[in-house]
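For reference, the structure discussed in these notes is given below.
The values are calculated or read from the model by the stated rules, or taken from the named source; none is laboratory data. None of the values given here were measured: they were computed from a predicted structure. Cβ coordinates were reconstructed from backbone atoms using ideal geometry, including for glycine residues, and neighbour counts include every protein chain displayed.
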Amino acid sequence: MERLQKVIAQAGVCSRRKAEELIQAGKVKVNGAIVKTLGTKVSGNDEISVNGHNLFKEEKVYYVINKPKGTICSVHDEKDRKTVLDYLPKGTRIYPVGRLDYDTSGVLLVTNDGNFTNMMIHPKYQLPKTYIINLQGMLSGEDIYRLKMGLKTRQEKYAPAKVSIRQKDYTRDRMIVELTIHEGKNHQVKNMMEALGHQVRRLHRSRFGFITDEGLQPGEYRRLKPVEIKKLKAMSSKEG
Ligand code: URA
C-alpha cells in the first residue's frame with residue numbers, strides 16, 4: 001500500500017505537492033469515489049483517476065470463474081494458501097468482485113474494473129445471488145416462512161430470500177436447499193442457517209445475477225461477453 005499522492009506523482013502526472021492540492025480540491029477519485037484525505041493508502045488494485053483521467057490505462061478484463069473450494073478470494077494470503085487468482089491469467093491487476101468463503105465454491109466474477117466492482121457489490125444495487133446449500137438438518141415450514149419474510153436475528157435483519165427445497169434425505173437428516181438472496185453480508189448464508197439452528201455442510205454459488213457456473217468445472221473460467229457486462233451493469237443500476 002502506498003500513499004495516494006506518491007502514487008500519482010510516481011505515475012508522472014505531477015509533483016507530489018501538486019498531487020496533494022488536487023486531492024484536497026476533490027479532483028482525485030479512487031475506485032470511482034472522490035477522496036480528499038491526504039495520505040489515503042492505495043494498492044495496485046485501486047483504480048485512480050485525476051481530473052477524470054485514469055492513472056493507469058489498462059484494458060478492462062472481466063472473467064467468471066467457478067471458484068474451487070479451498071481457495072481464498074484475496075490477492076495475497078499471509079498463510080500462503082491458494083488464491084482464486086492462481087487459476088486466472090497473470091499480467092493484469094485483477095481481483096475478485098466480493099468474496100466467497102475459503103470453503104465455498106461457485107460463481108465469482110473477477111475484473112480489474114473498479115467501477116464495475118463497486119456497482120456489483122454496492123449495497124444499494126445488490127444483484128440476486130443463488131446458493132446451493134448442503135444442510136445438516138431440515139428446514140421446517142416455519143424456517144422457510146421466516147427466510148421468505150426476511151429473517152430477523154438478534155444481530156441482523158436480512159432481506160426476504162427465495163427458498164426452494166431440492167432434496168430431502170431423512171435417513172441422514174440432510175437437505176439440499178436453493179437460496180436466492182440480494183445482499184452480500186459476511187458469511188451471510190452460513191449465519192442465516194445457523195440462526196435457524198442448522199449447519200451448512202457445503203456451500204456453492206450457482207448464480208450471480210444471470211451469470212451461472214454452467215459449463216465451468218471447479219477452477220475453470222471464461223471471459224464475460226460484452227453483452228453480459230452491459231447487462232450486469234444495467235441490472236445493477238435498476239436493482240434495489
Ligand atoms: N454466504 C456464506 O456464508 N459464505 C459465502 O461464501 C457466501 C455467502
**Study point:** Single unsatisfied condition, SER43 versus (1) in contact (Cβ under 8 Å) with a residue 40 or more places away in the chain; (2) under 21 Å from ILE121 (Cα atoms); (3) surrounded by 14 or more Cβ atoms within 10 Å (Cβ to Cβ)
**Key:** (3)
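To keep it simple, each residue is scored yes or no on (1) in contact with a Ser or Thr (Cβ under 8 Å, 6 or more places away or on another chain); (2) assigned by TED's automatic domain parsing to the domain that holds GLY197; (3) of a type in the set (A, V, I, L, M, F, W, C).
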residue: ASP86; (1), (2), (3): yes, no, no
residue: ASN115; (1), (2), (3): no, no, no
residue: ILE133; (1), (2), (3): no, yes, yes
residue: GLY150; (1), (2), (3): no, yes, no
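The rows are residues; the columns are (1) surrounded by fewer than 17 Cβ atoms within 10 Å (Cβ to Cβ); (2) closer than 18 Å to GLY114 by Cβ.
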site: MET1; (1), (2): yes, yes
site: GLN10; (1), (2): yes, no
site: GLY52; (1), (2): yes, yes
site: ILE65; (1), (2): no, no
**Study point:** Residue in segment 189-205 that is nearest to LYS69 (Cα to Cα), counting only those that are within 12 Å of the ligand (Cβ to nearest atom) and surrounded by fewer than 19 Cβ atoms within 10 Å (Cβ to Cβ)
**Key:** ARG202
Review point. Somewhere in segment 87-106, is a residue surrounded by fewer than 13 Cβ atoms within 10 Å (Cβ to Cβ) and at pLDDT 90 or above?
Key: yes
Study note, to complete from the structure: Those residues of segment 110-132 which are in a strand (DSSP E or B), farther than 15 Å from GLU228 by Cα and not aliphatic (A, V, I, L, M) amount to LYS129, THR130, TYR131
